[in-house]
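Asker: Here's a structure for you.
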Ligand code: PHB
């Protein structure tokens, strides 16, 4: 084997430079722990891949209270939109759930791409070692002295030698396979989401989660002139087979009701089919390797828990790594999985529950349809029911 073009020694090698990897690198930097971040995607690719857009208050605090922004420049607060609730729409009527009234909390509409931009900017500002656009990432020796090898854009081989390695490498993680003796839990769903971005004015000031006889639809927003919407579709659906007219007709049908509600239409500027599944891998640590975010768990997008869960993993992980590196407390590492999974399974249930309550199942019977309407009616007519949803949506305390 030829010797690498460069060898870098660092305390923590982070595989994956999305929001989770970058937030971890940022939090570690704050306590004097150095890291190197590697990612096979380019910065531009990450900035233009659309993901969910809802942040729990704890996630917002992780951005505003840890020095990501210069004082007074908290973009999440100035560019994001505070949402005090959501609408559940079924039987052709909208029902408002007021989170402020129910649980004294709001969420923020602030797209994941913007969270990435802010964290990336903060790491660049603070001199972070970030290596995007690399390939052939290979992680080895995770039980003793972790090594991350990769090839740069010019074809040269490099290596990073670290005391610990973090797999924040998303739902197609290579790191998770290195957890020896892992157990994996999954649930597949017989549907996916068709997601669009369109140039149109807002159709609603807050999100609308709609259940209809034709399946689920979600009305979200991005800016005053660009909106994000989704509708339940077949996982094999071909976005190319959907003209703008067909998309609008489907969305209008799913939102229609006796109140005469209509969506504001406009040109569709992006369309894609989003996969849908629930997944958990345990443990989230093996030797000197730990996993964070989608690498260890995936939730369906109903309820927008994915990014929030990843950021909470990172919050716990930053504490754990500090205990290991600064205090030499290796036992903290072994406790990480249980600390992270306590929240992960609550979020798994919440996302599964929101999904099954609002989507049309395969071959669903008249009984299933009416039961589903009964569930939604009991939720919106009961303060206890509505509070349960509000608590899950805004996030549980740590
Ligand atoms: C989004 O705005 O993209 C979004 C919002 C809420 C969800 C999923 C996606 O539950």
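We did not get these values from a lab; they are worked out from the coordinates using the rules stated. In this text, all values refer to a predicted model and were calculated from it rather than measured experimentally. Cβ placement follows ideal geometry from the backbone for every residue including glycine, while neighbour counts extend to all protein chains displayed.
Asker: If you rank 206, 327 by fewest surrounding Cβ atoms within 10 Å, what's the result?
Answerer: 327, 206
Asker: For q = 0.12 Å⁻¹, what log10 I(q)/I(0) does the chain give under the Debye formula with an equal point scatterer on each alpha carbon and no solvent?
Answerer: Debye intensities relative to I(0), on a log10 scale: -0.96.
Asker: Where in region 104-129 does the amide nitrogen come within less than 14 Å of the point 7 Å from the Cα of residue 272, taken along Cα to Cβ?
Answerer: 112-114
Asker: Based only on other Cβ atoms within 10 Å, what is the fewest-to-most ordering of 317, 218, 373?
Answerer: Ordered by Cβ neighbours within 10 Å, fewest first: 373, 218, 317.
Asker: Now for a separate question. Given the DSSP H assignment, sum -39500 (n - 2.57) over each helix run of at least 4 residues in the chain and divide by its residue total; what's the result at 222 nm in deg cm²/dmol, nearest 500?
Answerer: Using -39500 (n - 2.57) per qualifying helix, the result is -11000 deg cm²/dmol.
Asker: Next question. Find the relative contact order for region 160-267 and round it to a whole percent, using C-alpha pairs within less than 8 Å whose residues are 6+ positions apart.
Answerer: 26 percent
Asker: Report the FRET efficiency, 1/(1 + (r/R0)^6), for residue 144 and residue 77, where r is their Cβ-Cβ distance and R0 is 41 Å, rounded to 0.05.
Answerer: Plugging the Cβ-Cβ distance into 1/(1 + (r/R0)^6) gives 0.40.
Asker: Same structure, new question: Give the calculated FRET efficiency between residue 238 and residue 264 to the nearest 0.05, with a Förster radius of 25 Å applied to their Cβ-Cβ distance.
Answerer: 0.45
Asker: Oh, and also: Given 0.36 nm per residue, what is the gain on full extension from residue 174 to residue 3 after removing their alpha carbon distance, in nm?
Answerer: In short, 59.2 nm is gained.
Asker: Between residue 49 and residue 199, what FRET efficiency follows from the Cβ-Cβ distance if R0 is 22 Å, with the result rounded to 0.05?
Answerer: 0.70
Asker: Oh, and also: Report, in degrees rounded to the nearest 10, the 0 to 90 angle that the Cα long axis of helix 19-30 makes with the longest principal axis of the chain.
Answerer: For helix 19-30, the angle is close to 50 degrees.
Asker: Report, to the nearest 10°, how far helix 244-255 tilts away from the longest principal axis of the Cα atoms in the chain, using its own Cα long axis and a range of 0 to 90°.
Answerer: Approximately 70 degrees, to the nearest 10.
Asker: How far apart, in nm, are two points set 7 Å out from the Cα along the Cα-to-Cβ line at residue 95 and at residue 156?
Answerer: 6.2 nm
Asker: Given N residues in region 253-392, what is its alpha carbon radius of gyration divided by 2.2 N^0.38 Å?
Answerer: Normalised Cα radius of gyration, region 253-392: 1.40.
Asker: Stokes-Einstein diffusion coefficient for region 1-140 at 37 °C in a medium of 0.692 mPa s, Rh from the Kirkwood formula over Cα pairs: what value in µm²/s?
Answerer: Using the Kirkwood radius from Cα pairs, D works out to 191 µm²/s.
Asker: Right, here's the next one. Let me check against my output: what whole-number percent is the relative contact order of the chain, with C-alpha pairs under 8 Å and at least 6 apart?
Answerer: Computed value for the chain: 20 percent relative contact order.
Asker: Tell me the angle of helix 383-394 to the major Cα principal axis of the chain, expressed in degrees between 0 and 90 and rounded to the nearest ten.
Answerer: 40 degrees
Asker: Contour minus end-to-end for residue 329 and residue 249, with contour as 0.36 nm per residue of separation and end-to-end as the Cα-Cα distance?
Answerer: The span from residue 329 to residue 249 would gain 22.9 nm if fully extended.
Asker: Compute the separation of the alpha-carbon centres of region 60-129 and region 283-361 and state it in Å as a whole number.
Answerer: The distance from the Cα centre of region 60-129 to that of region 283-361 comes to 19 Å.
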